[in-house]
Protein chains: 2
Amino acid sequence: MKCHHICKLPGRVMGIRLLRFSSVVIFLLLLMAGALMALLPNTKDDKMPNLRREPKSQSQSALDSFTLVMQTYNRTDLLLKLLNHYQAIPHLHKVVVVWNNVGEKIPEEMWNSLGPHPVPVVFKVQTVNRMRNRLQIFPELETQAVLMMDDDTLISAYDLAFAFSVWKQFPDQIVGFVPRKHVSTSSGIYSYGSFELQTPGFGNGDQYSMVLIGAAFIHSGYLELFQKQPDAVHALIDETQNCDDIVMNFLVAKHTGKPSGVFVKPVDIRNLEKETNSGYSGMWHRAEHLLQRSYCLNKLVNIYNSMPLKYSNIMISQFGFPNYANHKNKM
Amino acid sequence: MKCHHICKLPGRVMGIRLLRFSSVVIFLLLLMAGALMALLPNTKDDKMPNLRREPKSQSQSALDSFTLVMQTYNRTDLLLKLLNHYQAIPHLHKVVVVWNNVGEKIPEEMWNSLGPHPVPVVFKVQTVNRMRNRLQIFPELETQAVLMMDDDTLISAYDLAFAFSVWKQFPDQIVGFVPRKHVSTSSGIYSYGSFELQTPGFGNGDQYSMVLIGAAFIHSGYLELFQKQPDAVHALIDETQNCDDIVMNFLVAKHTGKPSGVFVKPVDIRNLEKETNSGYSGMWHRAEHLLQRSYCLNKLVNIYNSMPLKYSNIMISQFGFPNYANHKNKM
């Protein structure tokens, strides 16, 4: 039998109904599949895009070591003294010297003539003497951890090895040796200080809300985050030649919602300022230095329209070091 | 036109093909949907089922306060002394006294006659004098945080307030005041000790791998986890009247994959043992006490077929307390 035209046959009708039915089913299943896929967690967590930057080298060393970034200006004698010390710190991957001595030759010849050295040391010549030069994303930076150190600060290898192990437990925070705090006042204006300022509203003891980056471990992802900040923030640092660490603490606090820093109490930390032949004594001696930092606090609150810094009173020391019974008590 | 029998018409054939096709599509979509659902994260995270137990009371106090669980045996005079101290600790929600004095009346009348008291104190009469009685899930326990305290230990309110704030930052670990460690030996047999034992294979300083629960904050979810452990574990504690805290440290380490404890260095911790009139001096004076703990370590490794304890050298103190400049350094 043949049908040349549409036949209203049970089979045909069944076919069409089935077609409609299955189309609807397919459509619904696709919807469901789409919904389920939307519910799947993002493999790339939007909260922490910067901190997942893959180190260029996938070697174990790049994941289990750190890069020392030391910015230097007008204290090459101190720098070289410190390099001899820091080049031998355990877990150090490389040293990046940020050479702010514009127009002056780097001491590379002398450095090489006194080789070999335990780790590579790279001198990054800068064209402008900027405080924020050390916050650039240097191509030589292969590790996730960055140890930032001022060029007049000497910290023992023991302290650094311990602080690095602590940083690995708090990789999204600034783990360092110099705590500072801000206080808010009844006028709503913020002020910057150290332990001599009383933190209003807290119980016993003191608090800190920043850890200075001139002696601290920080995740390299935060350097990228810094570069993405509004021009006003970079301009503030350039204007004051100061406050880069306040900015970094703001960034970390905003990013994590936690206190920006974890303070590790140093056993042996020294400031070598007085030992320099250059006569140069560092920015923090300027009369306006602390006032500038208070100024920066308020400017940043204005730029970000919030005060993200959070207080902490956690002080971390190394169990059983240097005194192997430093945890003993009268019990 | 009618077809009484199977007509090989294009429409009919189309219908059947479409039926087959859509069946296949539907089947594939169902497979895909099933696969996607399997990929979805469990809303009930298998890793932490116990720690999400909702406190019975949803009040702010139940989330921001803790319950003191104090087990007592043969030292009621010390208990009462300590209750007067602990009842006034900030953020304390309730006290649960685990009354291991089987057959002896609880001092409830006296307690009530000396009221009112700052917080409710509940006396839980036990029918058997067991060390692990304090690890039961008491219905009166409404908070996520439990402070477990031995009935001869006095810790200052400052220490407790600080340690509680630390626990809130490390809620899945035992945050407490008494660190201990295990060491492994060349024979593979483990031994238990304190700081006088050297941890093999580590650099400078010491390590701890346990925090004793007799002076520590712990998440109430771990009590539930404890109850679910194999009978052999409960039997071990009953056999030794010891090692309940070693078991808890095993549980936490297994559960988190991290060191089980966070050590907070106490400023003011005292053992009141010598002050009791009962003449009872506590289990840890027994000659075999420490040997039992080594024994327990190896038994537990055997039961769990692993050594989950991890070392830590983090020692936490309170910034600026008691000495408001306790973080200062020579810089």
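The values are calculated or read from the model by the stated rules, or taken from the named source; none is laboratory data. On a predicted model such as this, the values are computed, not experimentally measured, just so you know. Counting neighbours? That spans all protein chains shown, and the Cβs are built from the backbone with ideal geometry, glycine included. To get the accessible areas, we keep the full protein, side chains included, count just its heavy atoms, and leave off ligands, DNA and RNA. Shrake-Rupley method; radii C 1.70, N 1.55, O 1.52, S 1.80 Å.
Points worth noting:
- Taking a Cβ cut-off of under 14 Å around B:Ser306, the surrounding Lys, Arg, Asp and Glu residues balance to a net charge of +3, with basic ones at +1 and acidic ones at -1.
- Largest to smallest principal axis extent of the C-alpha atoms in the range A:225-331, angstrom: 54, 43, 23
- Environment charge of A:Val119, counting only residues whose C-beta is closer than 13 Å and scoring Lys/Arg +1, Asp/Glu -1: -1
- Packing around the peptides B:310-316, B:299-305, taken as the average count of other Cβ atoms within 10 Å per residue, puts them in this order, highest first: B:310-316, B:299-305.
- Scanning residues 5 or more positions from B:Val262 or on other chains, those with amide H under 5 Å from its amide H are B:Ile174, B:Val175, B:Gly176, with H placed 1.01 Å from N in the peptide plane.
- With a simple spin-label model that places each label point 7 Å from the Cα along the Cα-to-Cβ direction, the separation between B:Met110 and A:Ala157 comes to 6.1 nm.
- For the residues of B:23-31, the average number of beta carbons from a partner chain within 10 Å of their own beta carbon is 3.
- A full extension of the chain between B:Asp77 and B:Val102 corresponds to an added length of 7.4 nm, given 0.36 nm per residue minus the alpha carbon distance.
- Relative to the other identical copies, A:Ser186 shows label-point distances of 7.2 nm, where the label point lies 7 Å from Cα along the Cβ direction and values run shortest first.
- Ranked by the mean number of other Cβ atoms within 10 Å of their residues, highest first, the peptides A:214-222, A:79-87 come out as A:214-222, A:79-87.
- The Cα atoms of the range B:151-270 give a gyration tensor whose axes a ≥ b ≥ c have a/c of 1.5 or more with a/b no greater than b/c, which makes the shape oblate.
- Under the Karplus curve 6.51 cos²θ - 1.76 cosθ + 1.60, θ = phi - 60°, whole-Hz ³J(HN,Hα) for the range A:115-129, x wherever Gly or Pro sits: x, x, 10, x, 9, x, 10, 10, 9, 9, 6, 9, 8, 9, 7
- Applied to the range B:147-162, the Karplus parametrisation 6.51 cos²θ - 1.76 cosθ + 1.60 on θ = phi - 60° returns per-residue 3J(HN,Hα) values of 9, 9, 9, 5, 7, 10, 10, 10, 10, 5, 4, 4, 4, 5, 4, 5 Hz, with x for Gly and Pro.
- Rounded if a/c under 1.5, otherwise prolate or oblate - the range A:224-283, Cα gyration tensor axes: oblate
- From phi via Karplus (6.51, -1.76, 1.60), per-residue ³J(HN,Hα) for the range A:210-226 in Hz, x at Gly/Pro: 9, 10, 5, 7, x, 7, 7, 9, 9, 6, 4, x, 6, 5, 5, 4, 4
- A:Tyr190 sits among other residues whose Cβ lies under 12 Å from its own Cβ, and their net charge, with Lys and Arg +1 and Asp and Glu -1, is +3.
- The range A:286-305 residues near the modelled B:Lys328 label - backbone nitrogen below 13 Å, point 7 Å along Cα→Cβ: none
- Among the listed pairs A:Lys168/B:Lys328; B:Lys254/B:Lys328; A:Lys181/B:Lys265; A:Lys265/B:Lys310; A:Lys310/B:Lys254, those beyond 27 Å (Cα-Cα): B:Lys254/B:Lys328; A:Lys310/B:Lys254
- Amide H contacts of A:Val96 (H built 1.01 Å from N, under 5 Å, at least 5 apart or other chain): A:Leu68, A:Val69, A:Met70, A:Val122
- Shielding of peptide B:308-317 by partners, expressed as the average count of other chain Cβ atoms within 10 Å per residue Cβ, is 5.
- A:Glu288 accessible area, assembled protein chains, probe 1.4 Å, Å²: 80 Å²
- Order of exposure, largest accessible area first, which applies to B:Val69, A:Val267 with probe 1.4 Å: A:Val267, B:Val69
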